[in-house]
1. May I ask you to list the residues in the stretch A:88-139 that are in contact (Cβ under 8 Å) with a residue 60 or more places away in the chain, part of a helix (DSSP H, G or I), of a type in the set (A, V, I, L, M) and touching a helix residue (DSSP H, G or I) at 6+ places or on another chain (Cβ under 7 Å)?
2. I'm told B:GLY378 meets every condition in (1) within 18 Å of B:VAL75 (Cβ to Cβ); (2) within 17 Å of the chain's Cα centre (by Cα); (3) assigned to a helix (DSSP H, G or I) except one. Can you identify the failing condition by its number?
3. Does A:LEU293 satisfy being in a helix (DSSP H, G or I) and closer than 30 Å to B:SER296 by Cβ?
4. Of the residues in the stretch A:455-469, how many are more than 21 Å from A:ALA146 (Cα to Cα) and facing chain B (nearest Cβ under 7 Å)?
5. State which residue is surrounded by the fewest Cβ atoms within 10 Å (Cβ to Cβ) when the search covers only the stretch A:407-422 and only residues that are within 8 Å of another protein chain (Cβ to nearest Cβ) and under 20 Å from B:ALA166 (Cα atoms).
6. Only one of (1) among the hydroxyl-bearing types (Ser, Thr, Tyr); (2) touching a residue at least 60 places away in the same chain (Cβ under 8 Å); (3) surrounded by fewer than 15 Cβ atoms within 10 Å (Cβ to Cβ) fails for A:THR60. Which number is that?
7. Among the residues of the stretch A:329-375 satisfying the criterion of being within 20 Å of the chain's Cα centre (by Cα) and among the acidic types (Asp, Glu), which is surrounded by the most Cβ atoms within 10 Å (Cβ to Cβ)?
8. In the stretch A:13-47, how many residues are farther than 20 Å from A:PRO80 by Cα and crowded, with 18+ Cβ neighbours inside 10 Å?
Protein chains: 2
Amino acid sequence: MLDTLQPLCSRLDPKSVSFDAGEIAPHIQDWRAQYRGSSPVLFKPSTLDEVREIVRFCNTHAIAILPQSGNTGLVGGSTPQGEVLLSLKRMNQVRDVDPDNDSLTVEAGCILESVQERAREAGRLFPLSLGAQGSAMIGGLISTNAGGVHVLRYGMMRDLVLGLEAVLPDGRVISDLSGLRKNNTGYDLKQLFIGAEGTLGVITAATLKLFPRPVSTAVAIAAVHSPRDAVSLLSLMKSATGGSVAAFELMSERALSFAIEHVPGLRQPVETPSPWYVLIEITSGEAERAPVLMESALETAFERELVQDAAISQSQAQAESFWLLRESIPEGEKAHGKAAKHDVSVPVSRMPDFMEEATQKAEALIDGAMIVAFGHVGDGNVHFNLARKAPGAEADFLTAAKPASALIYDLVDKYGGSISAEHGIGVLKQDELAARKPVQVSVMRQIKAALDPHSIMNPRILLGPERGS
Amino acid sequence: MLDTLQPLCSRLDPKSVSFDAGEIAPHIQDWRAQYRGSSPVLFKPSTLDEVREIVRFCNTHAIAILPQSGNTGLVGGSTPQGEVLLSLKRMNQVRDVDPDNDSLTVEAGCILESVQERAREAGRLFPLSLGAQGSAMIGGLISTNAGGVHVLRYGMMRDLVLGLEAVLPDGRVISDLSGLRKNNTGYDLKQLFIGAEGTLGVITAATLKLFPRPVSTAVAIAAVHSPRDAVSLLSLMKSATGGSVAAFELMSERALSFAIEHVPGLRQPVETPSPWYVLIEITSGEAERAPVLMESALETAFERELVQDAAISQSQAQAESFWLLRESIPEGEKAHGKAAKHDVSVPVSRMPDFMEEATQKAEALIDGAMIVAFGHVGDGNVHFNLARKAPGAEADFLTAAKPASALIYDLVDKYGGSISAEHGIGVLKQDELAARKPVQVSVMRQIKAALDPHSIMNPRILLGPERGS
């Protein structure tokens with residue numbers, strides 16, 4: 001392989017190629033150390049032309065490429081197994097900020113937090129917000145159609161992309177970075193690359209939507225009886241606040257207690273013990289409006305007995321401490337021990353029935369296990385994880401829990417849901433996807449074959465090799 | 001052809017096939033009578049299975065299909081030239097209304113107005129709103145990614161589709177009608193069909209997003225000096241109202257005077273004569289809030305001299321009369337005489353420069369012609385039409401105006417815009433698209449060839465036959 005790559009390497013800027021094992025090391029395993037792999041070379045181009053040269057060369061020689069940006073994925077999609085690594089980290093320029101068009105154009109290697117910061121400097125909001133925002137880069141966030149905590153109000157990454165620049169496997173470039181809101185000129189090709197997990201080409205830059213910054217924000221944590229009441233509360237909050245709900249996160253008592261038990265400095269947010277809590281964020285473009293809306297909506301919710309207790313943040317610091325509770329759940333969960341994780345979605349209206357049936361059946365199936373549920377219930381997305389009640393051997397538990405995953409995915413199908421709400425397919429869920437969506441997968445394969453006939457772009461990821469019949 | 005079709009026709013329900021010239025007549029010309037064509041047969045299936053049977057048969061025999069719903073397009077995309085007609089008008093069931101999921105599932109032949117009505121009955125809003133809503137059907141609105149007057153707040157049709165049911169050229173069905181907000185399981189295949197103008201398959205049903213109904217609405221017409229001031233005013237209104245601007249329509253004095261002159265019952269909305277006007281709609285989820293927001297924002301705009309005069313609606317009837325002014329412009333324009341029409345978009349921030357340069361150059365180029373501009377400036381979309389100043393022979397004028405179209409499209413390119421903001425390509429703009437976006441068109445052709453190898457789906461539309469090199 002290295003001999004074959006030699007002509008390419010000698011043509012590139014020396015800064016754009018590395019064979020250094022120390023430099024390559026962090027790129028060949030994921031941040032949770034669940035996947036480890038290898039790569040003969042790390043390409044780190046800094047220009048579109050270099051990306052084109054690398055991709056064209058690999059296409060000619062049928063060499064598989066794994067494109068990588070922040071390497072913060074959860075499904076094994078960015079760990080190479082012998083593919084050449086194409087890191088976008090040096091393509092990290094902000095090309096344009098256009099507040100009057102509410103848009104900004106950045107390269108794929110820009111870190112999410114820095115993009116949020118550039119939007120802030122322009123007096124605007126870039127609303128994508130998630131745990132990994134200090135490392136996750138725009139290219140990967142688009143390739144995985146990232147979600148996060150503000151989807152309810154602003155949508156997924158797909159909804160935030162106005163245009164893309166992408167290199168196709170044969171080196172052609174699709175570029176549409178002018179920030180148009182309306183453009184009906186045939187197939188919206190950028191949509192294909194969003195969520196394609198790098199299997200159709202390399203995203204090199206994107207024009208993203210900006211929004212007015214909220215002027216006032218209120219965060220509350222409320223105790224509710226059940227997921228059903230949470231869904232009713234969401235509906236009430238949406239209409240009572242005129243659509244100002246920016247986030248609505250459900251947490252089971254178990255999920256919250258893992259966080260409080262294992263993460264220092266956290267404490268119970270409301271006095272009334274409750275099996276379920278929701279974190280609600282209201283934002284408004286008017287000064288001092290959000291707390292008023294929050295209080296009046298929660299008052300109605302108390303009257304209708306949808307809420308048993310609630311704490312509304314009285315300061316920015318308190319608002320952040322409420323968010324910290326929600327964001328510490330994965331860490332608390334990890335400290336408790338490994339769990340069988342399921343990032344699933346169902347229609348919001350069917351969420352309560354799904355959760356009830358799935359919890360009861362999964363806990364009945366697996367001895368000594370319990371469901372830990374939390375997530376973006378406003379989007380119909382719940383992280384529905386099976387953890388052991390008492391300490392024990394982790395590997396044994398994960399093996400024992402396997403039948404519960406099949407059961408949970410079957411119930412997701414029954415309720416018209418998705419086996420991957422926001423984390424994607426990667427290598428982790430390929431078999432499930434192929435088994436549950438055969439028509440879709442066959443159409444995806446036709447599209448991939450048309451645009452990437454030598455299958456050089458992330459060939460093991462998402463679709464993987466064709467299954468035997 | 002009829003002999004070939006015979007086995008298919010005899011298998012279908014007799015109600016699903018027609019050879020009656022009288023019944024076929026309205027389907028073979030467009031509503032503006034700009035395009036006339038022919039078809040040997042009208043298929044009008046009422047079930048998914050019938051659609052599959054027709055499509056599969058045509059695929060086997062390489063017979064071209066033109067799918068049609070409301071036939072209200074503006075670019076010749078729904079007039080057959082010998083293709084078999086596949087009308088979706090009998091597939092008009094509302095399959096499901098789910099207010100708790102803010103979604104509704106309807107078949108392709110449902111008329112937009114009836115969908116709005118069903119949403120209203122469920123206490124929700126389906127926000128797509130456009131002139132042809134009494135005839136336009138969901139299938140066509142999705143296939144052309146329809147826009148309209150509320151794109152600024154709610155997005156294009158693409159943003160309103162949660163899932164599709166579509167028949168592929170080989171008869172396979174892609175179906176995803178469960179109304180999920182989040183579903184990261186590979187390529188988002190529905191995106192391919194949205195805006196594809198029927199070239200990849202037949203859309204048979206869709207799950208659409210619903211929204212809370214606004215509780216208060218205020219409409220104003222304001223006199224402004226220039227498109228530049230209009231763009232600044234939009235920015236001010238957006239931030240001063242906390243993102244509550246639902247519509248923001250620019251009208252030149254000429255455009256408005258055509259409406260007032262030719263449509264009975266209309267009158268000047270504000271006393272101060274002005275070269276430009278904007279129609280602003282503010283909506284709020286809170287009672288009586290919209291007029292308050294409108295007044296306070298316009299007050300700031302007066303202080304900053306962005307607005308010279310304004311009238312705020314004092315009743316629902318007055319709000320409707322303001323909208324009627326805007327909506328009567330195409331009728332007034334038509335009464336004035338044929339015009340060379342351009343439905344274009346540029347980034348909102350570049351709209352003022354584009355309009356200034358394009359107006360000056362087009363009017364200098366074509367003797368006796370003037371630009372009539374109006375449209376959805378909040379989305380960067382302007383209907384930028386060239387009309388004659390004085391009466392004269394229409395055909396001569398349209399011929400004489402041709403160089404202006406090339407000039408306008410060249411300037412659209414210069415400003416990073418689109419030659420079709422919302423009307424699509426159809427047959428009207430194929431040559432322009434092929435010339436201006438060769439890479440995109442070649443990628444579209446690859447995708448079409450992969451999914452429709454016999455090119456049976458609307459083969460003349462959008463892409464058309466391959467151009468010689």
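1. Across the stretch A:88-139, the qualifying residues are A:VAL115, A:ILE138.
2. The failed condition is (1).
3. yes
4. Residues that pass the stated criteria total 0.
5. Per the criteria, the residue is A:GLY416.
6. A:THR60 satisfies all of (1) among the hydroxyl-bearing types (Ser, Thr, Tyr); (2) touching a residue at least 60 places away in the same chain (Cβ under 8 Å); (3) surrounded by fewer than 15 Cβ atoms within 10 Å (Cβ to Cβ) except (2).
7. Taking the candidates together, the pick is A:ASP343.
8. Taking the stretch A:13-47 as the starting set, the residues that turn out to be farther than 20 Å from A:PRO80 by Cα are A:13-15, A:46-47.
With the extra rule that they be crowded, with 18+ Cβ neighbours inside 10 Å, the set shrinks to A:46.
Looking only at that region, the number is 1.
The values are calculated or read from the model by the stated rules, or taken from the named source; none is laboratory data. Quantities reported herein were computed from a predicted structural model and do not represent experimental measurements. Positions of Cβ are generated from backbone atoms using ideal geometry, with glycine treated the same way; all protein chains shown enter the neighbour counts.
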